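This report concerns only the one structure given below.
The values are calculated or read from the model by the stated rules, or taken from the named source; none is laboratory data. Quantities reported herein were computed from a predicted structural model and do not represent experimental measurements. Cβ placement follows ideal geometry from the backbone for every residue including glycine, while neighbour counts extend to all protein chains displayed. Side chains included, ligands, DNA and RNA excluded: accessible areas come from the protein's heavy atoms. Shrake-Rupley method; radii C 1.70, N 1.55, O 1.52, S 1.80 Å.
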Amino acid sequence: MELMRVLGVGIVGTLLAVTLARHNGGYGLLTGLATGVLLLMMLLGQTEELGVSLRELTGFGQLSSEYLSRVVRILGLACLTEAGSRICRDGGQGNIALKVELCGRVMILCAMLPAVREVLRSAETVLAEIGP
(Lines give C-alpha, C1' and ligand atoms only; values in the text may rest on other atoms or scores of the structure.)
Protein backbone atom coordinates (compact mmCIF):
# COMPACT_ATOMS: atom_id res chain seq x y z
CA MET A 1 0.00 0.00 0.00
CA GLU A 2 2.90 2.33 0.76
CA LEU A 3 4.23 1.82 -2.76
CA MET A 4 0.91 2.96 -4.21
CA ARG A 5 1.20 6.24 -2.31
CA VAL A 6 4.77 6.71 -3.51
CA LEU A 7 3.74 6.03 -7.10
CA GLY A 8 0.77 8.38 -6.75
CA VAL A 9 2.87 11.22 -5.39
CA GLY A 10 5.53 10.62 -8.04
CA ILE A 11 3.07 10.57 -10.95
CA VAL A 12 1.03 13.55 -9.75
CA GLY A 13 4.20 15.52 -9.01
CA THR A 14 5.58 14.72 -12.45
CA LEU A 15 2.39 15.74 -14.22
CA LEU A 16 2.21 18.94 -12.21
CA ALA A 17 5.88 19.75 -12.84
CA VAL A 18 5.52 19.15 -16.59
CA THR A 19 2.38 21.27 -16.76
CA LEU A 20 3.94 24.13 -14.80
CA ALA A 21 7.18 23.90 -16.79
CA ARG A 22 5.25 24.71 -19.97
CA HIS A 23 4.09 27.99 -18.47
CA ASN A 24 7.13 28.85 -16.37
CA GLY A 25 10.20 26.62 -16.30
CA GLY A 26 11.21 27.74 -12.82
CA TYR A 27 7.95 26.59 -11.28
CA GLY A 28 8.28 23.23 -12.99
CA LEU A 29 11.75 22.74 -11.55
CA LEU A 30 10.64 23.79 -8.06
CA THR A 31 7.65 21.45 -8.23
CA GLY A 32 9.94 18.59 -9.24
CA LEU A 33 12.28 19.33 -6.36
CA ALA A 34 9.39 19.61 -3.90
CA THR A 35 8.03 16.27 -5.11
CA GLY A 36 11.45 14.70 -4.63
CA VAL A 37 11.70 16.06 -1.08
CA LEU A 38 8.21 14.76 -0.28
CA LEU A 39 9.15 11.30 -1.60
CA LEU A 40 12.33 11.30 0.50
CA MET A 41 10.31 12.23 3.58
CA MET A 42 8.00 9.30 2.85
CA LEU A 43 11.07 7.08 2.62
CA LEU A 44 12.34 8.18 6.04
CA GLY A 45 9.37 6.44 7.62
CA GLN A 46 10.65 3.13 6.27
CA THR A 47 14.20 3.50 7.57
CA GLU A 48 13.30 2.55 11.15
CA GLU A 49 12.00 -0.83 10.01
CA LEU A 50 15.15 -1.29 7.92
CA GLY A 51 17.35 -0.55 10.93
CA VAL A 52 15.55 -3.14 13.06
CA SER A 53 15.94 -5.76 10.32
CA LEU A 54 19.65 -5.02 9.90
CA ARG A 55 20.25 -5.33 13.65
CA GLU A 56 18.52 -8.72 13.60
CA LEU A 57 20.77 -9.86 10.76
CA THR A 58 23.91 -8.98 12.70
CA GLY A 59 22.63 -11.11 15.57
CA PHE A 60 22.04 -14.15 13.36
CA GLY A 61 25.44 -14.22 11.76
CA GLN A 62 27.43 -12.83 14.71
CA LEU A 63 28.59 -10.09 12.36
CA SER A 64 30.49 -7.16 13.72
CA SER A 65 28.39 -4.01 13.84
CA GLU A 66 31.38 -2.28 12.24
CA TYR A 67 30.87 -4.28 9.03
CA LEU A 68 27.17 -3.58 9.02
CA SER A 69 27.69 0.14 9.53
CA ARG A 70 30.22 0.16 6.69
CA VAL A 71 27.76 -1.57 4.34
CA VAL A 72 24.99 0.85 5.31
CA ARG A 73 27.36 3.78 4.80
CA ILE A 74 28.30 2.54 1.33
CA LEU A 75 24.65 2.03 0.39
CA GLY A 76 23.84 5.50 1.69
CA LEU A 77 26.65 7.03 -0.33
CA ALA A 78 25.42 5.26 -3.45
CA CYS A 79 21.83 6.42 -2.95
CA LEU A 80 22.80 10.01 -2.19
CA THR A 81 25.15 10.12 -5.15
CA GLU A 82 22.43 8.87 -7.48
CA ALA A 83 19.88 11.33 -6.08
CA GLY A 84 22.27 14.28 -6.33
CA SER A 85 23.24 13.34 -9.85
CA ARG A 86 19.61 13.07 -10.94
CA ILE A 87 18.79 16.47 -9.45
CA CYS A 88 21.67 18.02 -11.38
CA ARG A 89 20.50 16.33 -14.59
CA ASP A 90 16.91 17.46 -14.02
CA GLY A 91 18.22 20.99 -13.64
CA GLY A 92 19.92 20.71 -17.02
CA GLN A 93 23.44 20.43 -15.62
CA GLY A 94 24.66 17.12 -17.03
CA ASN A 95 28.31 18.15 -16.68
CA ILE A 96 27.93 18.78 -12.96
CA ALA A 97 26.00 15.49 -12.63
CA LEU A 98 28.99 13.62 -14.05
CA LYS A 99 31.28 15.23 -11.48
CA VAL A 100 28.87 14.34 -8.66
CA GLU A 101 28.88 10.72 -9.85
CA LEU A 102 32.67 10.64 -10.03
CA CYS A 103 33.05 12.08 -6.54
CA GLY A 104 30.49 9.61 -5.19
CA ARG A 105 32.30 6.65 -6.75
CA VAL A 106 35.62 7.73 -5.27
CA MET A 107 34.01 8.17 -1.84
CA ILE A 108 32.43 4.71 -2.09
CA LEU A 109 35.78 3.23 -3.02
CA CYS A 110 37.44 4.93 -0.05
CA ALA A 111 34.72 3.63 2.29
CA MET A 112 35.11 0.12 0.88
CA LEU A 113 38.91 -0.21 1.06
CA PRO A 114 39.19 -1.03 4.80
CA ALA A 115 36.71 -3.91 4.36
CA VAL A 116 38.62 -5.22 1.34
CA ARG A 117 41.84 -5.01 3.36
CA GLU A 118 40.28 -7.10 6.15
CA VAL A 119 39.02 -9.72 3.69
CA LEU A 120 42.49 -10.01 2.17
CA ARG A 121 44.09 -10.35 5.61
CA SER A 122 41.62 -13.09 6.50
CA ALA A 123 42.31 -14.89 3.22
CA GLU A 124 46.04 -14.61 3.85
CA THR A 125 45.63 -16.13 7.33
CA VAL A 126 43.54 -19.02 6.01
CA LEU A 127 45.99 -19.71 3.19
CA ALA A 128 48.93 -19.62 5.62
CA GLU A 129 47.22 -22.20 7.84
CA ILE A 130 46.56 -24.50 4.87
CA GLY A 131 50.19 -24.43 3.91
CA PRO A 132 52.12 -24.15 0.66
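Find the residue count for the stretch 80-97, including only residues that are touching a residue at least 12 places away in the same chain (Cβ under 8 Å) and not charged (D, E, K, R).
Final tally of qualifying residues: 9.
Please tell me if Gly59 is part of a helix (DSSP H, G or I) and under 22 Å from the mean Cα position of the chain (by Cα).
On the way: part of a helix (DSSP H, G or I): yes; under 22 Å from the mean Cα position of the chain (by Cα): no.
The answer is no for Gly59.
Does the stretch 71-79 include one or more residues that are without any contact (Cβ under 8 Å) to a residue 40 or more places away in the chain, open to solvent by 50 Å² or more (accessible area, probe 1.4 Å) and more than 26 Å from Val100 (Cβ to Cβ)?
No: the stretch 71-79 contains no residue that is without any contact (Cβ under 8 Å) to a residue 40 or more places away in the chain, open to solvent by 50 Å² or more (accessible area, probe 1.4 Å) and more than 26 Å from Val100 (Cβ to Cβ).
Among the numbered criteria (1) in contact (Cβ under 8 Å) with a residue 40 or more places away in the chain; (2) in contact with a Ser or Thr (Cβ under 7 Å, 6 or more places away or on another chain), which one does Gly36 miss?
Of everything listed in (1) in contact (Cβ under 8 Å) with a residue 40 or more places away in the chain; (2) in contact with a Ser or Thr (Cβ under 7 Å, 6 or more places away or on another chain), Gly36 misses just condition (2).
Take the conditions open to solvent by less than 40 Å² (accessible area, probe 1.4 Å) and acidic (Asp, Glu) and apply them to Glu56. Does it pass? I'd like the intermediate steps shown before the answer.
On the way: open to solvent by less than 40 Å² (accessible area, probe 1.4 Å): no; acidic (Asp, Glu): yes.
When the stated conditions are applied, Glu56 does not pass them.
Starting from residues that are over 22 Å from Arg73 (Cα atoms) and in a helix (DSSP H, G or I), keep the ones in the stretch 89-120 and report whichever is most open to solvent (accessible area, probe 1.4 Å).
Asp90
Pairs only if they're at least six apart or on different chains, beta carbon under 6 angstrom, first in the stretch 103-129 and touching a residue at least 40 places away in the same chain (Cβ under 8 Å) and acidic (Asp, Glu), second outside any helix (DSSP H, G or I) and open to solvent by 90 Å² or more (accessible area, probe 1.4 Å); list them, first residue then second.
none
Gly104 is checked against (1) within 14 Å of the chain's Cα centre (by Cα); (2) closer than 19 Å to Gly28 by Cβ and fails just one. What number does that condition carry?
Result: Gly104 fails condition (2) only.
Which condition number does Gly94 fail, the rest of (1) among the small types (Gly, Ala, Ser); (2) in contact with a Phe, Trp or Tyr (Cβ under 9 Å, 6 or more places away or on another chain); (3) over 26 Å from Ser64 (Cα atoms) being met?
Here Gly94 meets the rest and fails (2).
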